[in-house]
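Visitor: Quick one: the structure is below, questions incoming.
The values are calculated or read from the model by the stated rules, or taken from the named source; none is laboratory data. Owing to the predicted nature of the structure, the values given are computational and were not obtained by experimental measurement. All Cβ positions, even for glycine, are placed from backbone atoms using ideal geometry, and neighbour counts span all protein chains on display.
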C-alpha cells in the first residue's frame with residue numbers, strides 16, 4: 001500500500017462528493033447540456049492516451065495508443081463543440097422593442 | 001521531484017479546479033456557456049501539461065508521436081464534424097456516441113499499460129486491479145452506448161429485443177468476464193486472457209442494452225455516462241494521474257445523479273430499467289382516434305382551437321415527445337410568439353419531455369424561445385389554475401391526472417397539472433397510449449378538445465387560423 005495509492009483514493013472519493021454537491025443544483029432545464037458537458041470532461045482520458053503513446057515500444061502498443069488517441073480526441077472535441085453549440089442557443093428575452101416587431105418572430109437583439 | 005513535474009502537477013490541479021467551477025456555472029442558463037468555455041480551457045491546460053511532461057521526459061519515440069498526432073487529429077476532426085452537423089433532435093444519440101468512445105479510450109489506455117508490462121517485471125496488484133476493472137467497464141460502456149445510440153437513431157429496433165435464452169447469454173458473458181478477470185488478478189499477466197475479458201465485456205454491453213426499450217434509453221445513456229466517468233477515474237489509478245481521477249470521478253457522480261433524477265421523473269426504478277423488457281416508446285404510427293366504448297372525446301378543428309387561443313389572455317404550452325419527434329419546435333415557437341402579442345404565454349416543461357431530460361429546453365432554445373419563457377414543472381404547476389388555455393402538444397403520460405391516484409402504472413409519477421387549466425387543447429396523432437400503456441384521463445375530460453394531427457402540421461394549421469383572427 002503506497003502513499004500514492006492512498007492519495008489517489010482520497011482524490012477519487014472527494015471528487016465524487018464535490019461532483020454530487022455541484023450537480024444537484026443544476027436545474028432540469030440544463031440537464032441535456034450538463035450531460036454533454038460532463039461527457040466532454042471525461043475526455044480528459046486523452047492524457048492517458050498521450051502517456052500510452054509516450055511509453056509504447058511495440059506494434060501492439062502503438063496501435064492501442066493510436067486508437068485511444070482517436071477515441072479520446074473525438075470525445076473531447078466533439079463533446080465541447082456540441083455543448084457549446086447547445087448553450088449558445090439559450091438566450092434571454094430580447095429587449096421589449098425588439099419583441100413585437102410585427103414579424104411574428106422573436107429575433108435576436110437588434 | 002523536479003521543477004517541471006511540479007509545474008505539470010499544478011497544471012493538472014488547475015484543470016481539475018476548472019472542471020469543478022465549470023460544473024458549478026452550469027447552475028444557470030446565464031452562466032452555463034461561460035462554464036463550458038472554462039471547462040474547455042481546463043482541458044487545454046491539462047493536455048498542454050501532459051505534452052510538456054512527455055517532451056521533458058523524452059521517452060516518446062518518433063513513431064509514438066506519429067500515432068499520437070494521427071489518432072488525435074483524426075478523432076478531433078470526426079468529433080467536430082459530428083457535433084457541428086447533428087440536428088438538435090438527434091443530440092441524445094451523438095452524446096451517446098461520444099460517451100462510447102470515451103469508455104473505449106479508458107479501456108485502451110489500461111490495456112496499453114498492461115501490454116507494455118506483460119511478460120516483464122510483473123504488474124503490481126494495484127495496477128492489475130485497476131486494469132481489470134477498466135477492461136470490463138470500458139468495453140461495456142463502449143458497446144452499450146453504441147447500441148443505445150443505434151436505438152435512438154432507429155438503426156437498431158427501439159423495441160426491447162428479447163430472444164429465448166437472452167438472459168443466459170448475458171449471464172454467460174458476465175461469468176466469462178469475471179472468471180477471466182479473476183485469473184488476471186491472481187497474478188497472471190496473460191494478454192490473450194485480457195482480450196477474452198474485453199470481448200466478454202463488449203458482448204455483455206450489447207446483450208445488456210438490447211432488451212431495454214427506446215423510451216428508457218435516456219436512463220441508459222446517463223448510466224453509461226456515469227460508467228465512463230468511473231472507467232476514466234480508474235484509468236487514472238492505472239497511470240497514477242490526478243487529473244483523470246478527479247475528472248472521471250466528477251462525471252461518475254454527475255452521471256449517477258442524472259440517472260436517478262431521470263428514472264424518478266419517468267416513475268421507474270433504475271434497476272427496473274436495466275432489467276429491461278418495458279417501454280417501447282411512442283405507440284406506433286397514427287391509427288386514427290380509437291376511444292374505448294363508453295368514453296366520449298370531444299374532437300375540435302384547427303379553427304376551434306384558434307378561436308380559444310385568440311381570445312385567451314393566458315396560455316400555457318405543454319410540449320412532449322410528439323413535438324420532439326415531429327421536430328415541431330419552430331412551429332411551437334412561432335405560435336407562442338404570435339399569441340404573445342395579446343396574451344401571456346409560457347412553456348411548461350416536464351423534466352423528461354423530449355428524448356432526454358432537458359432536451360425540450362434545448363429544442364425550444366434552438367427555436368429562439370427565450371429561456372425565461374421555459375418553466376420547469378414546479379414553477380409551472382401553480383400557473384395552470386389561472387391559465388385560460390393549456391395547449392398540449394404531443395405529451396401524454398406526463399399530463400395524466402391518474403398519477404395522483406394509487407393503483408395504476410403512472411401512480412406517483414410527477415405530472416403537469418394540465419387538467420386544472422380552464423380549458424385544454426390537445427394536439428396528438430391518435431388516442432394511442434403513451435409509454436405507460438394506459439388511457440389518459442385528461443383526453444376524456446369534458447373541458448378538453450382533441451385536435452388529431454401530427455404536431456408539426458397541427459401547429460401550422462392553428463397558427464394560420466389564429467393569424468386570420470388576430471390581424472398582426
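Visitor: Considering only region B:329-339, how many residues are surrounded by fewer than 23 Cβ atoms within 10 Å (Cβ to Cβ) and under 28 Å from the mean Cα position of the chain (by Cα)?
Guide: 3
Visitor: Which is within 7 Å of chain A (Cβ to nearest Cβ), farther than 21 Å from residue A:40 by Cα and in a helix (DSSP H, G or I), of B:63, B:59?
Guide: B:63
Visitor: Of all the residues that make up region B:251-265, how many are over 30 Å from residue B:128 (Cβ atoms) and crowded, with 24+ Cβ neighbours inside 10 Å?
Guide: Counting residues in region B:251-265 that are over 30 Å from residue B:128 (Cβ atoms) and crowded, with 24+ Cβ neighbours inside 10 Å gives 2.
Visitor: Here is a check on your reading of the model: is residue B:281 at pLDDT below 85, more than 12 Å from chain A (Cβ to nearest Cβ), closer than 23 Å to residue B:99 by Cα and in a helix (DSSP H, G or I)?
Guide: Against the criterion (at pLDDT below 85, more than 12 Å from chain A (Cβ to nearest Cβ), closer than 23 Å to residue B:99 by Cα and in a helix (DSSP H, G or I)), residue B:281 does not qualify.
Visitor: Taking the stated definitions as given, is residue B:411 assigned by TED's automatic domain parsing to the domain that holds residue B:345 and either within 16 Å of residue B:320 (Cβ to Cβ) or buried (at least 19 other Cβ atoms within 10 Å of the Cβ) (or both)?
Guide: The answer is no for residue B:411.
Visitor: Does region B:346-356 contain at least one residue that is within 7 Å of chain A (Cβ to nearest Cβ) and out of contact with any strand residue (DSSP E or B) (no Cβ under 8 Å at 6 or more places or on another chain)?
Guide: yes
Visitor: Identify all residues within region B:42-58 that are surrounded by 15 or more Cβ atoms within 10 Å (Cβ to Cβ) and free of Cβ contacts under 8 Å to residues at least 24 places away in the same chain; write none if there are none.
Guide: Scanning region B:42-58 gives B:47, B:51, B:54.
Visitor: With the structure loaded, tell me whether residue B:219 is outside any loop (DSSP other than H, G, I, E, B) and modelled with pLDDT of 90 or more or whether it fails that test.
Guide: no
Visitor: Still on this structure, I have one more. Hey, does region B:66-79 have a residue that's in contact (Cβ under 8 Å) with a residue 12 or more places away in the chain and over 27 Å from the mean Cα position of the chain (by Cα)?
Guide: no
Visitor: For region B:235-250, check the following and say yes or no: at least one residue is in a loop (DSSP other than H, G, I, E, B) and surrounded by 21 or more Cβ atoms within 10 Å (Cβ to Cβ).
Guide: Yes, region B:235-250 contains at least one residue that is in a loop (DSSP other than H, G, I, E, B) and surrounded by 21 or more Cβ atoms within 10 Å (Cβ to Cβ).
Visitor: Quick one: would you say residue B:90 is surrounded by fewer than 20 Cβ atoms within 10 Å (Cβ to Cβ), over 20 Å from the mean Cα position of the chain (by Cα) and not in a loop (DSSP other than H, G, I, E, B)?
Guide: Against the criterion (surrounded by fewer than 20 Cβ atoms within 10 Å (Cβ to Cβ), over 20 Å from the mean Cα position of the chain (by Cα) and not in a loop (DSSP other than H, G, I, E, B)), residue B:90 does not qualify.
Conditions tested, residue by residue: (1) surrounded by fewer than 18 Cβ atoms within 10 Å (Cβ to Cβ); (2) more than 7 Å from chain A (Cβ to nearest Cβ); (3) touching a helix residue (DSSP H, G or I) at 6+ places or on another chain (Cβ under 9 Å); (4) not in a helix (DSSP H, G or I).
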site: B:69; (1), (2), (3), (4): yes, yes, yes, no
site: B:77; (1), (2), (3), (4): yes, yes, yes, no
site: B:81; (1), (2), (3), (4): yes, yes, yes, no
site: B:84; (1), (2), (3), (4): yes, no, yes, no
site: B:95; (1), (2), (3), (4): no, no, yes, no
site: B:108; (1), (2), (3), (4): no, no, yes, no
site: B:116; (1), (2), (3), (4): no, no, yes, no
site: B:119; (1), (2), (3), (4): yes, yes, yes, yes
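Visitor: Also, quick follow-up: Going by the structure shown, is residue B:14 surrounded by fewer than 22 Cβ atoms within 10 Å (Cβ to Cβ), closer than 24 Å to residue B:96 by Cα and more than 10 Å from every other protein chain (Cβ to nearest Cβ)?
Guide: no
Visitor: Within region B:340-370, track down each residue that is on the phi < 0 side of the Ramachandran plot and surrounded by fewer than 22 Cβ atoms within 10 Å (Cβ to Cβ).
Guide: B:340, B:341, B:342, B:343, B:344, B:346, B:366, B:367, B:370 - these are the residues of region B:340-370 that are on the phi < 0 side of the Ramachandran plot and surrounded by fewer than 22 Cβ atoms within 10 Å (Cβ to Cβ).
Residue-by-condition table, conditions (1) free of Cβ contacts under 8 Å to residues at least 12 places away in the same chain; (2) surrounded by fewer than 20 Cβ atoms within 10 Å (Cβ to Cβ); (3) facing chain B (nearest Cβ under 7 Å):
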position	(1), (2), (3)
A:7	yes, yes, no
A:10	yes, yes, no
A:14	yes, yes, no
A:43	no, no, yes
A:60	yes, yes, yes
A:68	no, no, yes
A:73	no, no, yes
A:80	no, no, yes
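Visitor: Scanning for something within 29 Å of residue B:223 (Cα to Cα), surrounded by fewer than 24 Cβ atoms within 10 Å (Cβ to Cβ), touching a residue at least 40 places away in the same chain (Cβ under 8 Å) and within 24 Å of the chain's Cα centre (by Cα), does region B:376-395 turn up at least one residue?
Guide: The answer is yes; a qualifying residue exists.
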